Amino acid sequence: MQSFMKISEIFNLGLKMGVEADFRGREGVVKFLERKKQKYEKLPDEAKKDFDLEALKNPYLDSRILHISDDKEINKILVGIDIGPAEILIAKELAVDLVISHHPLGKGLAHLADVMALQADVLNMYGVPINLAEGLLKERISEVARGVNAKNHQRTVDAARLMGVNLICLHTPCDNLAARFLKEKIENNKEIETISELIKELKKIPEYQEAIKIGAGPKIFVGEEENRCGKIAMAEITGGTEGSPKLYEKMTTAGIGTIVSMHQSEEHRKQAEEAKLNVVIAGHISSDNIGLNLFLDQLTKQEIEIIPCSGFTRISRT
Ligand SMILES: [Fe+2]
C-alpha cells in the first residue's frame, strides 16, 4: 500500500498530537494562540511586516516545515535526533522522501525560546504559583533566546535546499508526547515509593533499556536510592530546554518531592540539591526517542517506512 500523506499532513499530524498531549490542555493552547493574535493585532503596520505569521496557528514555533523540494506523497522517511548536513547527504544517498529532525533547525531553532512559556503552565499545574513561575522563567527565556541567536540556524536547511531534500523538524510536539507518556506511567504509580523503585519503573521502558546498553540509562542526579520520592513531577520533560534554576526551591515549596528530567546542567543540579529536591535524569536522547516513536507509530499505520539515524532507535508500540 502506498501512503497518501504529504509533508504538510505529516507535519500537521505532529502538531495535532502535540496539542492533544499538551499538559496545558487544548484550551490552554488555544488561549496561548489567542494571546499571540491579540499581540499581533496591536502591532503598528511597520512591525506587522516582521511578525512571524506561523505564530498565529502553530503553538510550537520550534517545529517547522523547513524545506520542501518536491511536495510528493511520502513513503520513506529518515528520522534522527540531530540532523546536520551529513544526514542530508545520507538522505540523498538512501533516496528518502523526507527527513525529520527532532531537535530544532532553521527558524525552529531561532524560535526555541518561544515554547518555554509552556513550562510556566506546567509548573502551575504542579502547584507553583503562576506569578513565580512566569516571573522566574522570563529571565531564563530571554537568556535562551540570546543563546540561540548566535547559532548558524540555516546550515542544515541550506544543505537540504542544495541537495533537493525535503526537511521538517518536530521538537516540542514530540516532547509533549514523551511527557504525557511518562506522566501516565510514573505519577500515581502505587509501585513507586523510593527513588530506586522509580528508576526500576523507568528501566522497564524499552527506550531506556536501549540507553542502558550504551551507558546512558536513567540516573540519580540529586538524592539517594532509598529516598522517598514524595510527589513526582514531570516538570522538565517538555518546554524547549532547561528552565530557571531558581524554580527548584519553589517546586519543593509547592510540594514536589522528585522531578524526572531529560537532562540537567551542573548549575541547575546544585540548585536542586540545595532545595532538597530529588532529581532523576531519565536520559536526554532516550526520552527524545520516546516522543518520536509515539509520533511515528501513527505514520507506520499509513505504511510509511522509517529509517532511523543520528541517535534514534525505532521502537514500535502498534
Ligand atoms: Fe532533546
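Structure above, values below:
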read-out: Full-extension gain in nm, residue 50 to residue 69, via 0.36 nm per residue minus C-alpha separation; value: 4.3 nm
read-out: Amide H partners (placed H, <5 Å) of residue 194, local residues excluded; value: 229
read-out: Residue among 14, 291, 25 with the largest mean-square fluctuation in a Gaussian network model of the chain, springs linking Cα atoms under 10 Å; value: 25
read-out: With eigenvalues of the C-alpha gyration tensor scaled by 5 and rooted, region 265-318, Å; value: 34, 11, 7
read-out: Angle in degrees between helix 172-186 and the longest Cα principal axis of the chain, rounded to the nearest 10; value: 40
read-out: Listed residue (165, 239, 209) projecting farthest to the positive dipole end of region 106-249, Cβ model; value: 165
read-out: Region 164-318: relative contact order in percent, alpha carbon pairs under 8 Å with at least 6 residues between; value: 27
read-out: Unit charges on C-beta of K, R, D, E only; dipole of the chain, Debye; value: 380
read-out: On Cα atoms only, tilt of 130-149 relative to the major axis of the chain in degrees; value: 40
read-out: Region 1-78 - Kirkwood radius from inverse mean 1/r over Cα pairs (Å); value: 14.6
read-out: Selected from 5, 68, 78, residue furthest toward positive end of dipole (region 1-95; charges at beta carbon); value: 5
read-out: Of 61, 109, 136, the one that fluctuates the most in a GNM where the chain has Cα springs shorter than 10 Å; value: 136
read-out: Using alpha carbons only: equivalent-ellipsoid semi-axes of region 56-150, gyration tensor based, whole Å; value: 34, 14, 11
read-out: Reduced Cα scattering model of region 113-198, Debye log10 I(q)/I(0), q = 0.21, 0.25 Å⁻¹; value: -1.09, -1.19
read-out: Per DSSP, loop GluC sites (Glu not before Pro) in region 267-318 with at most 13 further Cβ within 10 Å; value: 303
read-out: Helix-only [θ]222 nm of the chain, DSSP H runs n ≥ 4, -39500 (n - 2.57) each, per residue, nearest 500; value: -14500 deg cm²/dmol
read-out: Distribution of pairwise C-alpha distances over region 170-294, 10 Å bins, in %; value: 14, 48, 34, 3
read-out: C-alpha center-to-center spacing [region 50-76, region 98-153] in angstrom; value: 18
read-out: At 1.567 mPa s and 4 °C, Stokes D of the chain from Kirkwood alpha-carbon radius, µm² per second; value: 64
read-out: Among 18, 257, 28, residue whose mean-square fluctuation peaks in a GNM of the chain (springs only between Cα atoms under 10 Å); value: 28
read-out: Positive-end residue, region 132-196 charge dipole about Cα centroid, Cβ charges, pick of 153, 186, 196; value: 153
read-out: The chain: relative contact order in percent, alpha carbon pairs under 8 Å with at least 6 residues between; value: 23
read-out: Ordering of 117-125, 137-145, 48-56 by packing [mean C-beta count within 10 Å, highest first]; value: 117-125, 137-145, 48-56
read-out: Angle between the chain longest axis and helix 284-300 axis [Cα atoms, degrees, rounded to 10]; value: 50
read-out: Size of charge dipole - region 148-192 - debye, nearest 20, with Cβ of Lys, Arg +1 and Asp, Glu -1, no other charges; value: 120
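Rule-based calculations on the coordinates, nothing more; no lab input. From a predicted model like this one, the values you see are computed outputs, not experimental measurements. Methodologically, a virtual Cβ is constructed for each residue, glycine included, from the backbone with ideal geometry; neighbour enumeration extends over all protein chains shown.
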